[in-house]
1. Alpha carbon centre of the stretch 24-102 versus the stretch 168-245: separation in Å?
2. With every protein chain left in place, what is the accessible area of VAL139 in Å² (1.4 Å probe, nearest 10)?
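The values are calculated or read from the model by the stated rules, or taken from the named source; none is laboratory data. No experiment lies behind these values; they were computed from the predicted model shown. All accessible areas refer to the heavy atoms of the entire protein, side chains included, with ligands and DNA or RNA removed. Shrake-Rupley method; radii C 1.70, N 1.55, O 1.52, S 1.80 Å.
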Amino acid sequence: MKQRPGASALVVGAVSDVGRVRTGNEDAFIAEQSVFGVADGMGGHQAGEVASAIAVQMLRDRLAGGAASIELAEAAVVEANTAIFNGARDNAEQRGMGTTLTAMIVLADGDPIRQFVLLNVGDSRTYRVRGGQLRRITVDHSYVQELVATGHITEAEARTHPRRNIVTRALGIESTVRVDSWVLPFVKGDRYLLCSDGLVDEVADTEIAQIVATHNDAQDAAQALVDAANEHGGRDNVTVVVIDVLEGDVSPDDTADLDRDLVWSDPAA
């Protein structure tokens, strides 16, 4: 799919695929005018796809026109967590279901500088490409990420670690959830990549960077990334949303500090 939301300020491409091993797709995505997200469900047959669908539908219902504030964007994710948790508690067939979520919402707060709020729970990821450099801008909530953070293993070792699929935070697992959030301005030329772990478990960041650099069209880039995951084995569902920013601030130069505009909304985080 391809869209030009927000008076052509953004161009979006999105692809979701079952992969080459699984028989059902527990991923879900949203790529609409002001809300973009990828959810990777867990919990076995049907339950995982129910959880991811609830998360995506909640974003659609609560944030379709954008978010008036960071707090309202976070509240939609918390509400999704409650709905999934209650569904798992009340339906024996859905016990233990949950989902990751990474999402970008256009802030509609009247600020003349257009901004996104980036939300993340779990190990689906958001990357940004600026000045030809690919950088992951979310932090995985996973067992192996904790090992990387404490220096016990490297990023390369994390990709093949036998416990790499253990998440330490997800929607629906507990009655409450903590949501990571950042505020990002629209910067002309930026490209964002939201994906489930079906991409990053199969395709290294260096290859992801090469693919997004050689496909200018957002939809083509999303399809090429999914194709690469399947070519590497396709052992999981894979979902990719690519967002190209056509209007906004101008980055000072191609070597601008990629962290210059990353701001945690929670000062205690």
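1. 17
2. Roll a 1.4 Å probe over it and VAL139 shows about 60 Å².
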